[in-house]
Every structure is written in C-alpha cells, then in structure tokens.
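Data block below; observations after.
The values are calculated or read from the model by the stated rules, or taken from the named source; none is laboratory data. Computed from a predicted model, the values in this text were never measured in an experiment. In this analysis, Cβ positions are derived from the backbone assuming ideal geometry, glycine residues included, and neighbour counts consider all displayed protein chains. For the accessible areas, the whole protein counts, side chains as well, though only heavy atoms, and no ligand, DNA or RNA atoms are used. Shrake-Rupley method; radii C 1.70, N 1.55, O 1.52, S 1.80 Å.
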Amino acid sequence: MEKEAAAAAECRVLSIQSHVVRGYVGNRAAAFPLQVLGFEIDSVNSVQFSNHTGYDHWKGQVLNSDELHELYEGLKLNNVNKYDYVLTGYTRDKSFLEMVVDIVKELKQQNSNLVYVCDPVMGDTRDGEGYMYVPKDLLPVYRDKVVPVADIITPNQVEAELLTGRKIRTEKDAIEVMDILHNMGPETVVITSSDLQSPSGNDYLIALGSQRRTAANGTIVTQRIRMESPKVDAVFVGTGDLFAAMLLAWTHKHPDNLKVACEKTVSAMQHVLQRTIKSAKEQAGEGNRPNSAQLELRMVQSKKDIENPEIIITATVL
C-alpha cells in the first residue's frame with residue numbers, strides 16, 4: 001500500500017487548459033480533483049478569464065502559441081519538464097493546438113510511458129443537430145495530429161463523429177467508431193455522452209468506453225463498456241474537464257480495468273452534479289431557474305466523493 005501511495009505521489013501532470021478567476025472550468029475543474037487524488041499538477045492557463053463564457057459578461061486574456069512555447073522553454077531550461085501525463089481540453093486556436101502537439105511529442109521522447117489524455121472539445125448537439133463551436137480549421141489538426149499522439153480521448157458523440165466522419169445511430173455504430181479511433185492512435189476511448197436510446201428510458205444518458213490493450217503474449221484485448229447516468233435538468237459548465245481529469249486519475253489507479261475506472265469517474269460526477277443542482281435550486285428559490293453563478297460546480301464540498309466515490313452507477317461490459 002505504501003508503495004502505491006509513493007507511486008501516486010510522484011505522478012506529475014502537465015495540464016494545458018483555460019483558467020477562470022471565479023468558478024470551475026478548465027484547469028480550475030481539473031486541478032483540485034487531481035490533487036485530491038494524489039497527483040502533482042503543473043497548470044498552463046491557455047486563457048485567463050474572469051469567469052466562463054456562459055455568463056452575460058466576461059473579461060480576460062488569451063495565451064498565444066509563442067507564449068505557450070516560452071513557458072515550456074522555462075521548464076526545459078530548469079530541467080523540470082518531466083511528466084507522466086499531459087491533459088488538454090478546450091482550445092480555439094490552431095497554432096496553439098499544433099504547439100501542444102510539439103510539446104507532447106518532445107515529452108514522449110523523454111518518457112515513452114507518458115500518457116496524453118485529450119478531450120477533443122469541438123462541438124455538441126443543439127436541438128438534435130450536431131454543431132461545431134470552435135473554428136473549423138481545428139478539426140483536421142485534431143484528427144491528423146492530436147488524436148494520433150493521444151493515449152486516452154474523451155469525445156462526446158458529435159466529436160467522435162467529426163473525428164471519424166461516421167454517424168452514430170446505434171450502439172453497433174458507436175463501437176465501430178471507437179474502433180476507428182483506436183486505429184488512429186488512442187488505446188482508450190470514452191464517448192462521454194450520446195443521443196443513443198437508453199434501455200432504462202429517456203431520463204438516462206448513455207456513455208460508452210473502449211480500451212484496447214496488448215496482452216503479455218502479444219494478443220490485443222479490447223474491453224468495451226456502456227454506462228447509463230440519470231439526466232440532470234440543468235446546464236453545467238466544466239463537467240467535461242472534470243470528467244477527463246478524473247478518468248486520468250482512475251485509469252492510472254486501475255490501468256487494466258476500464259469498467260472500474262469509468263464507474264468511479266461517472267459515480268463521482270453524479271455526486272458532484274447532484275450536490276450542485278441541490279445547492280443551485282436552494283439559492284435560486286422556489287420556482288426560479290438557477291443562473292450561471294448558482295450552477296458553478298460544488299467542487300470543494302464534494303472532496304470526499306471525488307477522493308472515494310461511492311459507486312452509484314455501474315458499467316455493463318459489452
């Protein structure tokens with residue numbers, strides 16, 4: 001047990017994501033859970049905003065690719081650019097994303113065991129239709145440069161479809177899409193949300209995961225899972241960033257068991273979301289819809305659930 005604790009303590013993550021002064025998105029949503037789970041986290045803030053852009057107003061600065069390179073050079077000059085994981089999320093700029101790829105490649109040359117966890121944030125569903133909310137020129141960069149160097153990716157259904165050029169209408173389609181994504185590079189693919197019909201009914205959201213590993217005898221073993229989570233009637237921001245961070249942590253702790261890693265990740269998410277919606281409704285008052293400020297994730301209050309989540313959502317092995 002002591003050895004395990006030491007291994008986790010020495011695990012260092014470079015997280016290149018957005019930062020907000022108030023609230024929880026990007027690095028603010030990723031750093032706390034990773035630290036709680038025993039990881040050292042070095043944060044590069046791709047933007048610094050007053051708050052997330054779902055509010056009526058926001059102000060702040062955006063880091064460009066030269067500035068990212070300069071920060072990385074500083075780490076390199078001090079010989080502290082040694083990482084076990086890289087974690088990235090929302091990016092709007094093509095040259096910035098290409099610089100991230102260069103950094104990941106260099107870090108992988110130093111440490112062949114480095115794991116790159118990428119949330120390829122590009123789009124979502126609105127009124128049943130997929131749409132992109134980042135510039136279109138990011139798609140080829142994600143598809144041709146980012147995904148091939150990634151080890152774990154967490155697209156939603158729209159993003160998985162964009163990356164593969166394939167529509168997902170059935171679970172079989174989703175499995176085929178995950179296989180295409182494996183063939184592009186990543187060993188672990190989790191489609192974090194989908195429009196697929198849940199066997200449990202319309203109040204549930206389906207997520208699917210696939211992990212492809214090479215066994216000791218050289219054969220390739222694939223584990224595929226499905227998870228159903230109850231839908232929560234509110235728009236949260238930062239949930240994808242929290243999901244990717246916790247998936248990083250739990251796949252590290254359960255490297256050969258995607259089922260357990262996903263159960264802990266999704267269960268912890270549910271605990272955080274349920275606490276957030278309860279708190280938001282109390283703040284908004286009877287009959288009022290909570291606003292963006294009231295719907296900020298109740299992260300600190302969920303410390304125990306993040307650290308040791310009670311499993312309330314189980315995965316089905318397909």
Of 233, 203, 144, the one that fluctuates the most in a GNM where the chain has Cα springs shorter than 10 Å: 233
Net charge of Cβ neighbours under 12 Å - reference residue 305; Lys, Arg +1; Asp, Glu -1: +3
Charged-residue dipole, Cβ positions (Lys, Arg, Asp, Glu), the range 47-198 about Cα centre, Debye nearest 20: 100 debye
Förster-model FRET efficiency, 25 Å R0, residue 215 and residue 170, C-beta, rounded to 0.05: 0.30
Net +/- balance of residues flanking residue 12 in space, Cβ distance below 12 Å, scoring K and R +1, D and E -1: -3
Cα-centred dipole magnitude for the chain, charges only on beta-carbon of K, R (+1) and D, E (-1), debye, nearest 20: 320 debye
Residues of type aspartates and glutamates that residue 281 reaches as a straight line, Cα spacing below 13 Å, ignoring anything fewer than 8 places off in the same chain: 233, 296
For the chain, calculated [θ]222 nm from helices alone, where every DSSP H run of n ≥ 4 adds -39500 (n - 2.57): -12000 deg cm²/dmol
Amide H within-cut-off set for residue 11, under 5 Å, with H built and near neighbours excluded: 40
Full-stretch length increase - residue 61, residue 183 - with 0.36 nm per residue and alpha-carbon distance subtracted: 40.2 nm
The range 13-78 shape via C-alpha gyration tensor axes, a/c threshold 1.5: oblate
Alpha-carbon centroids, the range 36-73 and the range 115-146: separation in whole Å: 19 Å
Under Karplus coefficients 6.51, -1.76 and 1.60, residue-wise ³J(HN,Hα) of the range 245-261 in Hz, glycine/proline x: 5, 6, 5, 4, 5, 6, 6, 5, 7, 10, x, 10, 9, 4, 4, 5, 4
Sequence of 112, 43 from largest to smallest accessible area, 1.4 Å probe: 112, 43
Listed residue pairs exceeding 22 Å between alpha carbons, taken from 82/105; 231/278; 76/105; 76/136; 82/253; 108/303: 76/136; 108/303
Accessible area of the chain belonging to carbon and sulfur atoms, whole % at 1.4 Å probe: 48 percent
Amide N of the range 119-152 lying under 20 Å from the label point, which is placed 7 angstrom from the Cα of residue 197 along Cα→Cβ: 127-130
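With every protein chain present, what is the per residue accessible area of the range 1-125 (1.4 Å probe, Å²)?
Details: 6310 Å² over 125 residues.
Heavy-atom SASA per residue in the range 1-125 reads 50 Å².
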Separation of the residue 256 and residue 22 label points, Cα + 7 Å toward Cβ, nm: 4.9 nm
Amide hydrogen neighbours beyond the local backbone of residue 63, cut-off 5 Å, H modeled: 47, 48
Surface accessible to a 1.4 Å probe, residue 200 within the full protein complex, Å²: 70 Å²
